[in-house]
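Structure first, commentary second.
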Amino acid sequence: MIHLYTWATPNGRKISIALEEFELDYQVHPVNISADEQFAPEFLKISPNNKIPAIIDESKGVSLMESGAILLYLAEQTGRFKGDDYWQTIEWLMFQMGGLGPMLGQAHHFLHFNAGKAPYAEERYRNEARRLYGVLDRRLEGRDYLSGSYSIADMAAWPWIARYEWQDIDWSQFPRLQFWYQSIAQRPAVQRGYDVPAIGAVIPLPS
């Protein structure tokens with residue numbers, strides 16, 4: 001049994017989606033970051049950086065924080081979703097961890113949660129979001145997924161792209177990424193994982 005400590009954020013959804021895709025048994029422990037539950041001493045023992053998600057794999061006696069590390073662990077344990085080229089999968093997972101997630105997170109902060117307070121920051125992160133979307137769109141030329149076949153790299157990136165409406169994105173500029181987003185959104189495991197721990201709905205593309 002895997003114990004998942006999470007909340008309904010892009011980083012949290014990476015792991016609930018992955019656990020559904022890997023078809024692993026898991027138990028959800030919601031950590032309400034809006035109520036600062038991530039700073040509880042009990043959670044600090046599991047996640048020394050006070051961030052969700054984190055897991056405890058009872059069968060292996062393993063405790064892990066950091067979504068990228070968790071995805072790599074699940075792929076190694078099961079031998080699944082490594083993509084056609086594992087190093088390319090790791091490459092695009094690191095792209096998400098080091099660039100896509102942090103930069104889109106800043107876009108959310110300035111464009112969605114604090115709109116109008118910092119015009120320079122809004123423009124900076126709006127432009128960076130569009131640049132990163134362009135990187136992904138070019139990567140998907142001639143391929144359906146980031147590493148050939150569906151992999152943990154796609155699971156990592158998709159929940160961040162699912163917040164496109166917080167990032168002022170014009171989808172007409174990114175047709176390949178739009179197709180990728182829609183195809184993954186139709187996967188039953190993605191739809192189940194998106195609803196963990198709080199009930200929500202996969203965000204549709206505008207018509």
Q) What residue, among those in the stretch 1-53 that are of a type in the set (A, V, I, L, M) and touching an Asp or Glu at 6+ places or on another chain (Cβ under 8 Å), is farthest from residue 73 (Cα to Cα)? A) 31
**Q.** Of all residues making up the stretch 10-37, the number that are modelled with pLDDT of 95 or more and of a type in the set (Ser, Thr, Tyr)
**A.** 2
Q | Residue count for the stretch 22-59, restricted to those that are surrounded by 15 or more Cβ atoms within 10 Å (Cβ to Cβ) and farther than 14 Å from residue 6 by Cα | A | 3
Q.
With open to solvent by 10 Å² or more (accessible area, probe 1.4 Å), modelled with pLDDT of 95 or more and under 25 Å from residue 47 (Cα atoms) as the only criterion, which of 96, 88, 77 stands out?
A. 77
Q. How do the helices (runs of 4 or more DSSP H) wholly within the stretch 1-105 filter down when requiring 1 or more residues that are closer than 13 Å to residue 156 by Cα: which remain?
A. 10-22, 67-78, 86-95
Q. What residue, of 154, 168, is of a type in the set (D, E, K, R), in contact (Cβ under 8 Å) with a residue 24 or more places away in the chain and at negative phi?
A. 154
Q) For the stretch 132-197, which helices (runs of 4 or more DSSP H) that fit wholly inside it have 2 or more residues that are open to solvent by 10 Å² or more (accessible area, probe 1.4 Å) and hydrophobic (A, V, I, L, M, F, W, C)? A) 175-185
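The values are calculated or read from the model by the stated rules, or taken from the named source; none is laboratory data. Remember, it's a predicted structure, so these values are computed and weren't measured experimentally. Every residue, glycine among them, receives a Cβ derived from its backbone with ideal geometry; neighbour counts consider all protein chains shown. Each accessible area value is taken on the protein alone, full model and side chains, heavy atoms only, with ligands, DNA and RNA left out. Shrake-Rupley method; radii C 1.70, N 1.55, O 1.52, S 1.80 Å.
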